[in-house]
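**Q** This is the structure I want to talk about, given as structure tokens.
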Amino acid sequence: MTEADQRIPRNRRSSNAAGIRDVAQRAGISTATVSRVYNAPDSVSEKVRLRVEQAARDLSYIPHNAARALSSQRSRTLGIVIPTVKNSIFAEQVESLQRRALTHGYTLFVAHSGFTPAGEAEQVRQMVRNGIDGIMLVGAEHRPEVYNLLESREIAYVNTSVWDADSVHPTVGFDNSAAMAHTTRYLLSLGHRAIGAITAEARASDRARLRLQGARQVMAEAGLALDETRVAYSDHSMDSSRAACRQLVQQVPGLTAILCHNDVQAFAAILELQAMGLAVPDDVSVTGFDDLEWARHLQPALTTVRVPWGRMAELAADILVAQLEGEDFRRSTKLEFDLVVRQSTAPPPPAKAA
């Protein structure tokens, strides 16, 4: 026998593996009832379900998803396309979505877009090819082809991280503009007037545009400007954010406060300010957005906007499953935010105060 003859095909199922008939025989019920336990659990009693599950455990039986998908026209999988795997807010969303999906009997596919609309569209296409039933998207602005594909294939979807009561798309999120407006009012209440912002390019993030819009509106109401000379753009990396901070210090006379699109940018800004010999918050105050776990451990601890990212993903899973099961669901769900005030903000130094 040659070496090739001795190889065992990896995908060949062992002849000793238990099947649905074995489970039915052990549980003392029909194969049709076993099938209902896995494909329509609400149609059987809890007593029968527990008996089948115990028999399956005894026999190490695992239902074959491909076969179930053929019979039910469902893969019982959900997808999520996040901008990046490097930011822990997206990791929290993935974890929460997966945990909630499992309680509904669904598994999860994860992909990232690299913050590009083209990348997101391609990842959505790949997930559709793989037979997902529903998908969670980040933000509300997606290429028309994405919406067309999902709707033409009758795939459930929900937009997250944004809130728009008038949206025609299922949405769960928060008011980004209001959140940054609230933070800006807080800085103004401390006496800051020379305020700058570090943000992401609006074409890459509708959340960035909305947050900057909220800050600009409040500044305008106070008779101040947050024009392009007071805004620096970053690609979310530490190096890029530090460069953006240095740019602001150089081009905004008497800068006393920086609004950051997220906590990573805020952390980078604090490091760069300190490297430039400026104290936070004695010389310049810094605010973030997200309230990542490490934000409270920084020196100084970061003042930031807290958003319930995990809860948002859980609700997204519920909305997707409700669509798939033909149940009623709220098309627009608004979540609240909190401004967590810590040590990175203070009144401006007397010499710079208006």
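Taken together, the values in this text are just the output of simple stated rules run on the coordinates, not laboratory data. The shown structure was predicted, so the numbers you read here are calculated from the model rather than taken from an experiment. When we count neighbours, we look across all protein chains shown, and the Cβ atoms used for this are built from the backbone with ideal geometry, even at glycine.
**Q** How many nm is it between the label spots at Asp58 and Ala220, if each spot is 7 Å from the Cα in line with the beta carbon?
**A** Reported label-point gap for Asp58 and Ala220 is 7.2 nm.
**Q** Follow-up question, since we're still on this one. Under the rule a/c < 1.5 gives rounded, and otherwise a/b versus b/c splits prolate from oblate, where does the chain land using the Cα gyration tensor?
**A** prolate
**Q** Just to confirm my numbers, what's the Cα centroid distance between the range 262-321 and the range 212-249 in Å?
**A** 16 Å
**Q** Quick one: Cα centre-to-centre distance for the range 166-181 and the range 82-103, in angstrom?
**A** 19 Å
**Q** With springs only between Cα atoms under 10 Å apart, run a GNM on the chain and tell me which of Leu224, Leu210, Leu320 wobbles the most.
**A** Leu224
**Q** Okay, next question. Nearest 0.05, what FRET efficiency do Gln274 and Val341 give at R0 = 22 Å with Cβ-Cβ as r?
**A** 0.60
**Q** Want the number for Glu141 to Arg99: 0.36 nm per residue separation, take away the alpha-carbon distance, what's left?
**A** Full extension of this stretch gives 12.5 nm more.
**Q** Would you mind checking which residues have amide H under 5 Å from Ala257's amide H? H placed 1.01 Å from N; only 5 or more apart, or other chain.
**A** Those qualifying (amide H under 5 Å, at least 5 residues apart or on another chain) are Gly196, Ser285.
**Q** If I take R0 = 22 Å and measure r between the Cβ atoms of Ala301 and Lys334 in this structure, what FRET efficiency does the formula 1/(1 + (r/R0)^6) give, to the nearest 0.05?
**A** After rounding, the FRET efficiency stands at 0.20.
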